[in-house]
Ligand code: FDA
Ligand code: NAD
């Protein structure tokens, strides 16, 4: 089979790949120099849409509507854009072997690709219940959500099982976003998760109480402190019930599982240094191997603000790390350097009419401010995280664009707090004054 050579290859065709391609073109690449190799059949798109508008019952979002870079208010890169710019988009092509020493990638179909510079942008895959040997977890209509094909299959089944029963396993991002979307599709929804409250990696009990109350008011049932230990299916192999560790059994026509992600680094195991489950990089996303960069979910990079190596599984970092890596690659060619990556963590989510943003670090003591009554007609509340007398993190539900900007500034500036009661009383006003 023919071998192809490119100056730059991006392996993976998700969010980072799309933003990297835009940056390469901005910085100047000649036609034929850059290739993106993706397992997916479509050009890079804004993955967050899959758990939200893609599954809406009315006017769901569809491609080409959400190709990158619309999610950050940028130009939408349609498949034609890649052709016009001479960027080769090699789709439906899974790389199954990467030999970093000989700078060669091999696809499942046996094609080989040589590169001068490689950008690893393989993202994450889902953790499956079958990975833990959960009985019956391979039944039909048990869904995971990572790629557009997963979303298409789920969407079809939502239509086929109209007004049915859905069980959501997991109380993280996927759990909360899918719980809402299944309810919007008129399913009878039950959520199950092992922790005492939802999104424990980020939410305090106070924040979680609001979302759990809001979901309950929408008619969603929440079962906490237990896990799914097995599934029953019917004669055609379709899931019918979820068995819980505490002995309860929940009827189900559809199960959606969101029990976490795992960065896709296996192709490079033993060839590149790893840290904290990801590929170790410097502040320019350069790995331990010359001419190899890693961006997005797979990169464990120095977070300057906290003087610590971290990995981030969110879209804002996927976009920014990709841009940073490409700037660094192009600067190095000219014998220059770029500024070091100075990332302020930014996470967000939306469900029903709700929308929250978080900036900074969720460590230290917390205060809850504002109206966090789930029954309010227009709830608006937030939290600050305080460490060593400084505000280091801020969360806001229902904020205006200006208020969201203000909490970002607080997390960046880390103002001192003398009086915590005063901070609680001031709430969002405190951030707006910074
Ligand atoms: P990404 O997963 O986007 O892309 C990886 C690409 O590599 C995929 O196209 C994959 O097929 C391809 N690939 C992997 N292995 C390959 C191989 N061997 N050969 C070829 N191709 C290969 N974040 C956030 O901040 N707010 C949000 O609302 C959401 N919402 C959200 C919803 C859903 C459903 C998911 C799954 C995730 C989110 N996220 C999010 C997280 C965010 O989408 C995620 O952090 C970024 O997509 C990461 O970008 P990457 O480019 O690193 O991976
Ligand atoms: P997550 O890490 O956010 O949540 C995993 C949850 O799984 C935990 O909170 C826990 O409640 C639950 N859990 C763990 N083991 C369980 C078990 N055996 N049974 C039941 N529940 C169990 O992961 P996720 O929600 O699956 O999301 C996957 C990836 O997609 C992550 O990288 C996430 O950042 C990303 N994502 C992000 C967003 C966003 O930023 N808005 C939205 C969707 C997905």
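We did not get these values from a lab; they are worked out from the coordinates using the rules stated. Predicted model, so just to flag it, every value in this text is computed and none were measured. In this analysis, Cβ positions are derived from the backbone assuming ideal geometry, glycine residues included, and neighbour counts consider all displayed protein chains.
How would you rank 355, 383, going from fewest to most other Cβ atoms within 10 Å of each one's own Cβ?
Details: 355 14, 383 26.
So the residues, fewest neighbours to most, are 355, 383.
Given R₀ = 35 Å, FRET efficiency for residue 339-residue 271 by Cβ-Cβ distance, to 0.05?
E between residue 339 and residue 271, to the nearest 0.05, is 0.75.
Return a whole-number percent for the relative contact order of segment 17-83, with Cα pairs under 8 Å and 6 or more residues apart as the contact set.
Details: 46 pairs, mean separation 20.3, N = 67.
This gives 30 percent for segment 17-83.
Just to be sure I understand: with springs between alpha-carbon atoms less than 10 Å apart, which residue in 171, 399, 219 has the highest mean-square fluctuation in the Gaussian network model of the chain?
219
Report P(r) for segment 205-345: all Cα-Cα distances, bin width 10 Å, range 0 to the bin holding the largest distance, values in whole percent.
Taking all Cα pairs of segment 205-345, the binned fractions are 10, 27, 21, 19, 17, 5, 1 percent.
Restricting to DSSP H runs of at least four residues, report the calculated mean residue ellipticity at 222 nm for the chain, -39500 (n - 2.57) per run over all residues, nearest 500 deg cm²/dmol.
-7500 deg cm²/dmol
Looking at the chain as a GNM with Cα springs under 10 Å, which of 253, 361, 149 has the largest mean-square fluctuation?
149
With the crude spin-label approximation of a point 7 Å out along Cα→Cβ, what separation in nm comes out for residue 426 versus residue 235?
6.9 nm
For residue 205 and residue 156, what does the FRET efficiency come to when R0 = 51 Å and r is the distance between their Cβ atoms, rounded to the nearest 0.05?
0.85
Need the full-extension length gain, residue 417 to residue 5, defined as separation in residues times 0.36 nm minus the C-alpha distance. One decimal, nm.
Values: separation 412, 0.36 × 412 = 148.32 nm, distance 5.66 nm.
Gain in length upon complete extension: 142.7 nm.
How high is the relative contact order of the chain, in percent, counting Cα pairs under 8 Å that sit 6 or more residues apart?
Here the relative contact order equals 14 percent.
Tell me, what is the FRET efficiency for residue 63 and residue 434 to the nearest 0.05, using R0 = 51 angstrom and their Cβ-Cβ distance as r?
So the FRET efficiency works out to roughly 0.80.
Based on the alpha-carbon gyration tensor of the chain, what equivalent-ellipsoid semi-axes (square roots of 5 times the eigenvalues) come out, in whole Å, largest first? Walk me through the numbers before you get to the answer.
Values: eigenvalues 254, 181, 73 Å².
So the equivalent ellipsoid measures 36, 30, 19 Å along its semi-axes.
Tally the DSSP beta bridges in the chain and give the antiparallel ones as a percent, rounded to 5.
Details: 52 of 89 bridges.
Here the share of antiparallel DSSP bridges comes out near 60 percent.
Among DSSP beta bridges lying fully in segment 129-259, give the percent that are antiparallel, nearest 5.
Percent antiparallel among DSSP bridges in segment 129-259 is about 30.
Cβ neighbours within 10 Å, averaged per peptide: list 422-428, 256-262, 296-302 in order, most packed at the top.
296-302, 256-262, 422-428
Hey, got the Cα dimensions of segment 129-259 along the principal axes, in Å, largest first?
That gives 44, 28, 26 Å along the principal axes, largest extent first.
Cα centroids of segment 32-92 and segment 155-203: how far apart, whole angstrom?
26 Å
Just grab the label-to-label distance for residue 288 and residue 354, each label 7 Å out from Cα along the Cβ direction, in nm (one decimal).
The two pseudo-label positions are separated by 4.2 nm.
On a C-alpha basis, how far is the centre of segment 321-398 from the centre of segment 256-285 in Å? Whole number, if you could?
Using only Cα atoms, the two centres lie 22 Å from each other.
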